[in-house]
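Chemist: Mind having a look at this structure? Questions to follow.
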Amino acid sequence: DSGVTQTPKHLITATGQRVTLRCSPRSGDLSVYWYQQSLDQGLQFLIQYYNGEERAKGNILERFSAQQFPDLHSELNLSSLELGDSALYFCASSVTGAGHGYTFGSGTRLTVV
Amino acid sequence: AQSVTQLGSHVSVSEGALVLLRCNYSSSVPPYLFWYVQYPNQGLQLLLKYTSAATLVKGINGFEAEFKKSETSFHLTKPSAHMRDAAEYFCAVSPNAGGTSYGKLTFGQGTILTVHP
């Protein structure tokens, strides 16, 4: 157990639907990062939050949004889902920046049918 | 912008042989560099990291990597491969300065290591 908890582990949904992925960071970590992993794109950075505020944005689609709550857990919302959104979505956390390295969760596998 | 290139999407070695996974980086500022390992159906686990201290970095499971600024490389090695080392390995880079990209890791495309008996 890495200390980063992601739920659900698996999600199957239809095109056009909306889903929410949840992440609880490791205790004491203030930064949360979301990554998408797919066979063709590899690991793509989506977004970073630090202590409730958005810190950096990557290749995140407008259909996707995220937030970090006062208790530091984070949610990634994916809407108007397309087949191409099928991927593994990872959450990672760190104390501050990446200098300490990230701790990754085990991921949510999203399948859009 | 920062990037990493992992040379070879697949590497195959025999058990007991040297493991060498190659990573070259591009960065306009001094980087932090990392190697992560991903076992099937699991998240990524940090193997080792370079954060401007010693250029030869030792990590878990007998792996080590050497930061070579002149070659912009951070290759991962292990003297003797075990069957349990079979996994996918990712090199990653992050700026070690502030700014909006501070903390963001940029990953390479990954190298799948296969270990034969």
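Chemist: Can you tell me the length gained on complete extension of the stretch B:Thr114 to B:Val29, counting 0.36 nm per residue apart and subtracting the Cα distance?
Modeler: Values: separation 85, 0.36 × 85 = 30.60 nm, distance 3.40 nm.
Additional length available on full extension: 27.2 nm.
Chemist: Which net charge results for the neighbourhood of A:His73, defined as the other residues with beta-carbon distances under 13 angstrom from its beta-carbon, given Lys and Arg at +1 and Asp and Glu at -1?
Modeler: -1
Chemist: Shifting gears a bit: Return the distance in nm (one decimal) between the two label points of a simple spin-label model at B:Leu56 and B:Thr77, each offset 7 Å from Cα along Cα→Cβ.
Modeler: Between B:Leu56 and B:Thr77, the simple spin-label model gives 0.9 nm.
Chemist: On to the next question. Between A:Thr5 and A:Phe69, with labels modelled 7 Å along Cα→Cβ, what's the label distance in nm to one decimal, could you check?
Modeler: For the pair A:Thr5/A:Phe69, the computed spacing is 1.2 nm.
Chemist: Go ahead and set up a Gaussian network model of chain A, Cα springs under 10 Å, then flag whichever of A:Glu75, A:Glu54, A:Glu62 fluctuates most.
Modeler: A:Glu62
Chemist: Which of A:Thr111, A:Thr103 comes first, and how do the rest follow, when ranked by fewest Cβ neighbours within 10 Å?
Modeler: A:Thr111, A:Thr103
Chemist: Modelled label-to-label distance, A:Ala14 and A:Glu82, 7 Å Cα→beta-carbon offset: nm?
Modeler: 2.0
Chemist: Cut-off is 10 Å between beta-carbons; in what order do A:Arg55, A:Arg22 appear when sorted fewest neighbours first?
Modeler: Lowest to highest Cβ neighbour count: A:Arg22, A:Arg55.
Chemist: Defining a contact as two alpha carbons under 8 Å apart and six or more residues distant in sequence, what relative contact order in percent does chain A show?
Modeler: After rounding, I find 37 percent.
Chemist: Which residue, B:Val11, B:Val19, B:Val29, tops the fluctuation ranking in a GNM of chain B built on C-alpha contacts under 10 Å?
Modeler: B:Val29
Chemist: Counting DSSP beta bridges with both partners in region B:1-114, what percentage is antiparallel, nearest 5?
Modeler: Expressed as a percentage, antiparallel bridges in region B:1-114 total about 90.
Chemist: Which whole-Hz ³J(HN,Hα) couplings does region B:107-116 yield from phi under the Karplus relation 6.51 cos²θ - 1.76 cosθ + 1.60, θ = phi - 60°, glycine and proline marked x?
Modeler: 9, x, 7, x, 10, 8, 9, 10, 10, 9
Chemist: Assuming R0 = 22 Å, can you tell me the calculated FRET efficiency for the pair A:Ser38 and B:Thr5, based on Cβ-Cβ distance, to the nearest 0.05?
Modeler: 0.70
Chemist: If neighbour count is taken as other Cβ atoms inside 10 Å, put A:Arg63, B:Arg84 in order from fewest to most.
Modeler: B:Arg84, A:Arg63
Chemist: So which lysines can B:Lys58 reach, going by Cα to Cα under 16 Å and dropping same-chain residues fewer than 8 places off?
Modeler: Reachable lysines: B:Lys49, B:Lys68, B:Lys78.
Chemist: Determine the shielding of peptide B:33-39 by partner chains: average, over its residues, the number of Cβ atoms on other chains within 10 angstrom of each Cβ.
Modeler: 2
Chemist: Also, I was wondering about something else. What number, in percent, do you get for the relative contact order of region A:55-113 if the mean sequence gap of Cα pairs under 8 Å and at least 6 apart is divided by its residue count?
Modeler: 28
Chemist: With charges only on Cβ, +1 for K and R and -1 for D and E, what is the dipole size of the protein assembly as shown about its Cα centre, in debye, rounded to 20?
Modeler: With only Lys, Arg, Asp and Glu charged at Cβ, the dipole is about 200 debye.
Chemist: Follow-up question, since we're still on this one. I want to verify a result. In a Gaussian network model of chain B, Cα cutoff 10 Å, which of these has the top mean-square fluctuation: B:Gly62, B:Gly43, B:Gly16?
Modeler: B:Gly43
Chemist: Using unit Cβ charges (K, R positive; D, E negative) and no other charged atoms, how large, in debye to the nearest 20, is the dipole of region B:1-101 about its Cα centre?
Modeler: 160
Each value in this text was obtained by applying a stated rule to the coordinates, not by laboratory testing. Given the structure is predicted, the values throughout are model-derived calculations rather than measurements. Positions of Cβ are generated from backbone atoms using ideal geometry, with glycine treated the same way; all protein chains shown enter the neighbour counts.
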